[in-house]
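Quick notes on the structure that follows.
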């Protein structure tokens with residue numbers, strides 16, 4: 001669909017005509033509004049109408065397999081030290097070995113698995129210190145995105161952030177943890193892109209990929225859905241009033257709260273693992 005044929009643009013065009021018509025009326029025939037004021041309102045309207053809507057693209061087969069394996073590892077179904085064999089995984093998922101091989105490559109990038117030359121790919125878990133380092137990096141990056149977004153976000157982008165926030169509230173009400181996790185990604189993606197710094201967005205997404213499995217774990221608790229949404233409320237309020245310092249501080253605290261939950265979970269997971277700290281192959 002071209003911009004000219006977009007229904008929203010057609011509506012905006014009608015409003016343009018209406019505004020011009022209002023200017024031609026004699027004084028007293030309509031409400032009195034300055035030309036500058038109307039131009040500003042039209043600009044705001046266009047930003048809202050054409051703000052990019054965050055959409056979650058469907059995952060490829062390899063990404064889907066990788067996510068299943070990530071969840072199996074962080075939930076203790078695949079213990080540290082276990083070998084991940086392509087033929088067995090291909091049979092389990094009913095796919096060829098090619099997407100399995102790609103999934104294992106993605107998995108090693110998250111540090112939940114390690115490829116040992118001439119031996120294969122084995123499950124591994126980050127140490128508590130490594131997890132803290134990853135989350136500290138994540139918190140700093142998100143805080144920077146938030147600080148810039150509070151200044152640079154268009155009115156349309158702010159409107160879209162509010163919209164996602166309201167949709168998240170509904171998933172909390174329904175106790176829909178999967179729905180919340182999906183919308184939560186959209187919420188944070190909207191903040192990243194609101195920074196209007198492509199390099200920062202790329203780096204932030206790269207680090208988030210590493211901590212994503214542990215960020216998902218938090219949503220197994222319905223109480224966490226509510227507290228996460230409450231933290232989002234403060235962030236949204238700060239963004240809407242253009243308070244960059246508050247947005248930065250709130251986002252940092254938000255991510256480090258996830259860190260604390262993930263750290264407790266990792267410690268319990270490692271304690272319960274028969275392989276414990278060091279897999280046999282190391």
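What to note about this one:
- For segment 140-209: rounded, prolate or oblate by the Cα gyration tensor [a/c cutoff 1.5]: oblate
- Segment residue 159-residue 71, extension gain: residue separation times 0.36 nm, minus the distance between their alpha carbons: 28.4 nm
- Extension gain from residue 85 to residue 98, taking 0.36 nm per residue of separation minus the Cα-Cα distance: 3.4 nm
- Under the criterion of Cα pairs below 8 Å and six or more residues apart, the relative contact order for segment 88-136 equals 20 percent.
- Spatial offset of segment 162-178 relative to segment 200-254 amounts to 14 Å, using the alpha carbon center of each.
- FRET efficiency for the pair residue 61 and residue 198, taken as 1/(1 + (r/R0)^6) with r the Cβ-Cβ distance and R0 = 25 Å, rounds to 0.35.
- Per-pair calculated FRET efficiency, R0 = 30 Å: residue 170 and residue 129 via Cβ, rounded to 0.05: 0.20
- Estimated Rh, segment 61-124: Kirkwood, alpha-carbon pairs, angstrom: 11.4
- D (Stokes-Einstein, µm²/s), Kirkwood Cα radius, segment 128-270, 1.567 mPa s at 4 °C: 86
Here, each number is a calculation from the coordinates, and none is a lab measurement. Quick caveat: nothing in here was measured; it's all calculated off a predicted structure. So basically every Cβ, Gly included, is an ideal-geometry build from the backbone, and we count neighbours across all protein chains shown.
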